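The values are calculated or read from the model by the stated rules, or taken from the named source; none is laboratory data. Just so we're clear, the structure is a prediction, and the values are computed from it rather than from any experiment. Counting neighbours? That spans all protein chains shown, and the Cβs are built from the backbone with ideal geometry, glycine included.
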Amino acid sequence: MEDQLVQVLANTQLPDAGPRKQAELDLKHAQSNPAYPISLANIGLHTSIAVEIRQAALSSLRLFVEKNWSGDSDDGPTIPIADSVKDQIRPMVLDLALNAGDDRKIKTAASYAVGKIANVDFPELWPTLLPTLLEVIGNGSDEQLHGALKVLSDLVEESLSDDQFFSMARDIVKAVYDVAINDNRKPILRALAVAVFRGCFDLMDTVKDDHPTEVVQFAEEALKGWFPFFHQTTKLQLPERDPQSSSQPESWNGVVALKLQVVKCLLKLKSVFPNLLLPQTPHFFQSYYEELSLLETSYEQMYLENDAQGRLEDSDGLPYTLDFLVLEELDFLNGCMKAPPVRKELEAQLAAHGVAHETPWVLDVMKLATGYARITREEEELWDIDVSLYLAEEQSVSANYTPRTACGDLLIKLGEWLKRKALDGLYAHTKTLFTENAHWRRQEASLFLLNMLVSDFLDCDEPVPAELGQAYLDLVNYAINRPDEPLLRGRGYLVAGILAQCNETAASLMERTIDAITAEESELVQVACIKAVEGFITSQSDQIAGNVQIQAKVVGAINQWISAKDMTDLEEADDLLVTLAETLRAAINIDKAVSVSPDVPALDLLFLIAKHGSTNYQVTMLICEAFEDIVQTMSDPASYHALCQKVLPSLTGAFSVADVTSDNPLVTFATELMASLTQYGSEPLPPGFVAATLPKLTRLLMESNEGEILRPGAESVKYLLAHDHEQMFNYHDESNRSGLEVCLHIIDRLLGTSIEDNAASEVGGLAAELVEKAGHGRLGPFLPQLLQAVANRLATAEAAPFIQSLILVFARLSLVGAHDVVEFLSTIQINGQSGLQVVLSKWLENSVNFAGYDEIRQNVIALSKIYSLNDPRVAQTMVKGDMIMPASDRIMTRSHPDQFTVIPAPLKILKVLIEEFLSASGLTGAANAAAAVAAEFADDDGDDGWEDDDRDIIDLNLGHTKNDLMGFLEASNMRNRDDETQQYLTDFFVGAARDNVAGFSEWYNSLTDEEKGKLSEMAKLQQL
């Protein structure tokens, strides 16, 4: 079989798709042969076979082991492997992984297979594995050691359980320590040993939850040996480098890798055992500062003067280039600044010198940060090709974390600690760079750091002293007048834009910045100016607020810039499109009346950007928000009419694509805009509005299956009804169907089972609006048919928004005719059950999950009215009550699902209303928040001694944190106080108790003690 498999494996690597796919099928069929796994292992062993084929055999074996070795797989049935075969395979693949003379690719592939087997068999069925590895690590050759460390790394990472690690940790840590300190071993192998030790911390982190004292003691004991080694390694000098060479010497690779693993290990230690690292931080801070200072010249020669290859890892995943080392050391330096021993020493020096700009360490850190924040040759070349990448860094959305961005983070942390003193220190160093005519890269880097620092100050509402802002403006003027240094000019404009938000004088540069959008030769400077203009406008200075001349000038400059471009070339330039959209939105916000101006194409440009950026979520979200703001501002009839004349041709034109059933992002975007346009429409709508929009919306809603189109489309039709139902009902389409009939057809389709729940989640709102506006008089026999269809679909609905949407049809009807709703539901059958039973069960089970203040209030009032009917049919309807808590403390599995009591509907209504009262009072949200905080503190291991460590602490002073938190609260549907609903429910319960409405006293006796307590608290509050 082996000869056949060799040929099949060779064919799987053919470039021709036909034979390759056939070989893959043949390989799959061969798996059923009992000899398959052992044959693959034998192929891996044969040194006479090509390395690529052996590697493919071992990879195939690994995949086969992963699925079948345990005899249990989530992916379906497994192929049994005989124990005798397993006994043969284990030593074969382990020997390959540890083989001194074999190719590294083969050893790596074999080690992966060993890891997968060990996941299942270690230690019970493979007790000799770890002793064998430790023996080889202690006494093997470098080649054997490499294989053993790779297998051990996989073992620690994937195969050891918490308990197993605890019993084996001492031997593992001792073995890798002996390798790490052994100067006779290759540095790259020592680095791999440190990486294994670092992997141990993840397991220690888990084990310490159950055994905190023992694990901390073990770590403390182990680190007594490791700390001296770490200190020694930080002092290790890199070999001499030829200054004429543009690349990293090969002799550096192992040493850099070793240093990298040490600093990574220290960062890991900081997150797992911060208190153990704390006493060592002053030494490491000093060592890494000194090393970074020494490495700066080599970094400059390799990455600034030349384009040396960076961000490289070896085949074991160990990074070994200088840029990686610098990045990790900067991160560690940043973290050390929060350590009290370091901070205490630095603060003492600061106090001794009195002012930041005369304190040596402040100036030294600014010098270091400026040195590593310089633009590399690679970045310069990339930005020259694609200015969108330049803007990505400006918006802090680049996934490419570099020493430059790490230095920006360092300055932000300094600013949060030192406040104004950080600005003073940065200015002192920056001024010397400009007065001494330093290289433009250093000047640009210093202004970049100012950008980062001032931006964070603005987010935190931290003042920027006026005199510092003025002093920096002199440097900005110098920067923007450097004709041969476009990157410095671009940075100058960006700094001017950010300074304008905290210094009125900086606004004087706005007109110069606007002119530069079209006057500058460099495209990078042009887009920097577009970005900077947004900053100027955001400042809301006296020169800009309400200034329509400035507004027209900004829009004109962007229009001229865009006109010179082929927009199809910008469709992939996400960050450039975002910048254009943000600046245009800011310009429009100066005076939103510009939206309907025939002379200033602000809205046209916004739509043009949307057309070419419709696949970019951030672009479409920005423009949708901007458009919604415009519509809300122009909701008076005259302004709204003018706006519709401006935008309707563009919106309806987007709907004229040939196939709306395909996933067309432009159609989706246009539908979202249409929903905003109709939501804030005038009452009545402009003449002809329905005739212009409803046919397009009808086509979308009758042909598309995409939820992102159906939801806003249904909302739009609902808003047409809400704002001008007369125009809707008087409308007739080309088939002479009335607007009412069109709406019924749309609702009928969206209620169909072929439309997914989430896609149809707005149909209930549309149906409710139609019933309310048309009434029984217009709907006639269609009303019961419509309500029957809603009830039928509710019975099968599963998605919460869809369920809420359908229930609100009956809730809104109940506000004015609760008896009619109960009467109707009692007369219909749904799958052999009473409609009242089906609808009330679903209604009451899902009410507590409702979202939206208006919707919740309507639901509360509707339920109270149904309760107050005291209808025997409602009282006889049994629904799901409270969860039955298990009598034992045994863990329940899927075979024992949650069980609930069954109670009468009126009792459930009261329970729901009590819960809603708590939510309306804001107590539920507060209780949940308090519980979350309590849980956080309960899980805390105590004060780890680090100042405001960002591992666990959220800084609520940061502007972006506030925004993120508010977004989280909204996304989590957490409710704040709702006085109107709270007052209604208070009046309801007081009246129900006083007048014994619908037998309230009897139902009260069936409430839980907790619910009675809530009502008692409500009564006490009412008496205050």
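In this structure, does ALA422 turn out to be touching a Gly at 6+ places or on another chain (Cβ under 7 Å) and either surrounded by 18 or more Cβ atoms within 10 Å (Cβ to Cβ) or in contact (Cβ under 8 Å) with a residue 60 or more places away in the chain (or both)? Criteria met by ALA422. Could you please find all residues in the stretch 118-153 being β-branched (Val, Ile, Thr) and under 22 Å from LYS86 (Cα atoms)? Within the stretch 118-153, VAL120, THR128, THR132, VAL151 qualify. Residues of the stretch 237-258 that are surrounded by 14 or more Cβ atoms within 10 Å (Cβ to Cβ) and more than 16 Å from GLY310 (Cα to Cα): LEU238, ARG241, LEU258. Considering the stretch 359-378 alone, what residues qualify as being surrounded by fewer than 21 Cβ atoms within 10 Å (Cβ to Cβ) and touching a residue at least 24 places away in the same chain (Cβ under 8 Å)? Result: LEU363, ASP364, LYS367, LEU368, ARG377, GLU378.
State whether the residues of the stretch 45-52 include one that is crowded, with 16+ Cβ neighbours inside 10 Å and not assigned by TED's automatic domain parsing to the domain that holds ARG198.
So far as the stretch 45-52 goes, yes, one or more of its residues are crowded, with 16+ Cβ neighbours inside 10 Å and not assigned by TED's automatic domain parsing to the domain that holds ARG198.
Scanning the stretch 385-400 for residues that are in contact (Cβ under 8 Å) with a residue 24 or more places away in the chain and in contact with a helix residue (DSSP H, G or I) (Cβ under 7 Å, 6 or more places away or on another chain) yields a total of 9. Residues considered: TYR731, TYR719. Of these, the only one that is over 30 Å from GLY835 (Cβ atoms) and either in contact with a His (Cβ under 6 Å, 6 or more places away or on another chain) or at pLDDT 95 or above (or both) is TYR731. Restricted to the stretch 652-677, and to residues that are more than 31 Å from the chain's Cα centre (by Cα) and crowded, with 16+ Cβ neighbours inside 10 Å, which residue is modelled with the lowest pLDDT? Among those that are more than 31 Å from the chain's Cα centre (by Cα) and crowded, with 16+ Cβ neighbours inside 10 Å, it is PHE655. Here no helices (runs of 4 or more DSSP H) wholly within the stretch 446-548 include at least 3 residues being of a type in the set (Lys, Arg), assigned by TED's automatic domain parsing to the domain that holds SER396 and without any contact (Cβ under 8 Å) to a residue 40 or more places away in the chain. Checked against (1) surrounded by fewer than 21 Cβ atoms within 10 Å (Cβ to Cβ); (2) over 30 Å from ILE828 (Cα atoms); (3) modelled with pLDDT of 80 or more; (4) not small (Gly, Ala, Ser), ILE891 passes all but a single condition, namely (3). Restricting attention to the stretch 549-576, the residues being under 27 Å from ASN451 (Cα atoms) and not in a helix (DSSP H, G or I) number 2. Looking across TYR288, TYR177, one residue alone is among the aromatic types (Phe, Trp, Tyr), part of a helix (DSSP H, G or I), farther than 27 Å from SER159 by Cα and at pLDDT 95 or above. It is TYR288.
Tell me whether the stretch 538-547 contains one or more residues that are under 30 Å from LEU677 (Cβ atoms) and crowded, with 18+ Cβ neighbours inside 10 Å.
Step one: list which residues in the stretch 538-547 are under 30 Å from LEU677 (Cβ atoms), which gives 538, 540, 544-547.
Within this subset, residues satisfying the condition of being crowded, with 18+ Cβ neighbours inside 10 Å are 538, 544.
Yes: the stretch 538-547 contains one or more residues that are under 30 Å from LEU677 (Cβ atoms) and crowded, with 18+ Cβ neighbours inside 10 Å.
Once the stretch 223-262 is narrowed to residues that are outside any loop (DSSP other than H, G, I, E, B) and charged (D, E, K, R), the residue that is nearest to LEU330 (Cα to Cα) is LYS259.
Of the helices (runs of 4 or more DSSP H) that lie entirely inside the stretch 648-734, those containing 2 or more residues that are closer than 24 Å to LYS773 by Cβ and in contact with a Phe, Trp or Tyr (Cβ under 6 Å, 6 or more places away or on another chain) span 665-679, 689-703. Does the stretch 105-113 include one or more residues that are touching a helix residue (DSSP H, G or I) at 6+ places or on another chain (Cβ under 8 Å), under 16 Å from GLY140 (Cα atoms) and among the charged types (D, E, K, R)? Yes - at least one qualifying residue is present in the stretch 105-113.
Please indicate, with yes or no, whether at least one residue in the stretch 259-277 is in contact with a Cys (Cβ under 7 Å, 6 or more places away or on another chain) and under 25 Å from PHE324 (Cβ atoms). Give the derivation first.
Here is the first cut: in the stretch 259-277, the residues in contact with a Cys (Cβ under 7 Å, 6 or more places away or on another chain) are none.
No, every residue in the stretch 259-277 fails to be in contact with a Cys (Cβ under 7 Å, 6 or more places away or on another chain) and under 25 Å from PHE324 (Cβ atoms).
Find the residue count for the stretch 696-707, including only residues that are surrounded by fewer than 21 Cβ atoms within 10 Å (Cβ to Cβ), within 18 Å of CYS624 (Cβ to Cβ) and not small (Gly, Ala, Ser).
Our first condition is that a residue be surrounded by fewer than 21 Cβ atoms within 10 Å (Cβ to Cβ); within the stretch 696-707, this holds for 698-699, 702-703, 705-707.
From the residues that got through so far, the ones that are within 18 Å of CYS624 (Cβ to Cβ) too are 706-707.
Still in the list and also not small (Gly, Ala, Ser): 706.
Looking only at that region, the number is 1.
The set of residues in the stretch 630-640 that are in a helix (DSSP H, G or I) and either surrounded by 17 or more Cβ atoms within 10 Å (Cβ to Cβ) or free of Cβ contacts under 8 Å to residues at least 24 places away in the same chain (or both) comprises ILE630, VAL631, THR633, ALA638, SER639, TYR640. Scanning the stretch 237-260 for residues that are closer than 24 Å to TRP226 by Cα and free of Cβ contacts under 8 Å to residues at least 12 places away in the same chain yields a count of 1.
Listed by first and then second residue, the pairs with beta-carbon distance under 6 Å, at least 6 apart or on different chains, first residue in the stretch 972-992 and modelled with pLDDT of 65 or more, second basic (Lys, Arg), are THR981/ARG857.
Among the residues of the stretch 311-327, is there at least one that is without any contact (Cβ under 8 Å) to a residue 40 or more places away in the chain and part of a helix (DSSP H, G or I)? No, the stretch 311-327 contains no residue that is without any contact (Cβ under 8 Å) to a residue 40 or more places away in the chain and part of a helix (DSSP H, G or I). Reported count of residues in the stretch 682-695, each being modelled with pLDDT under 95 and either closer than 27 Å to GLN618 by Cβ or buried (at least 23 other Cβ atoms within 10 Å of the Cβ) (or both), is 0.
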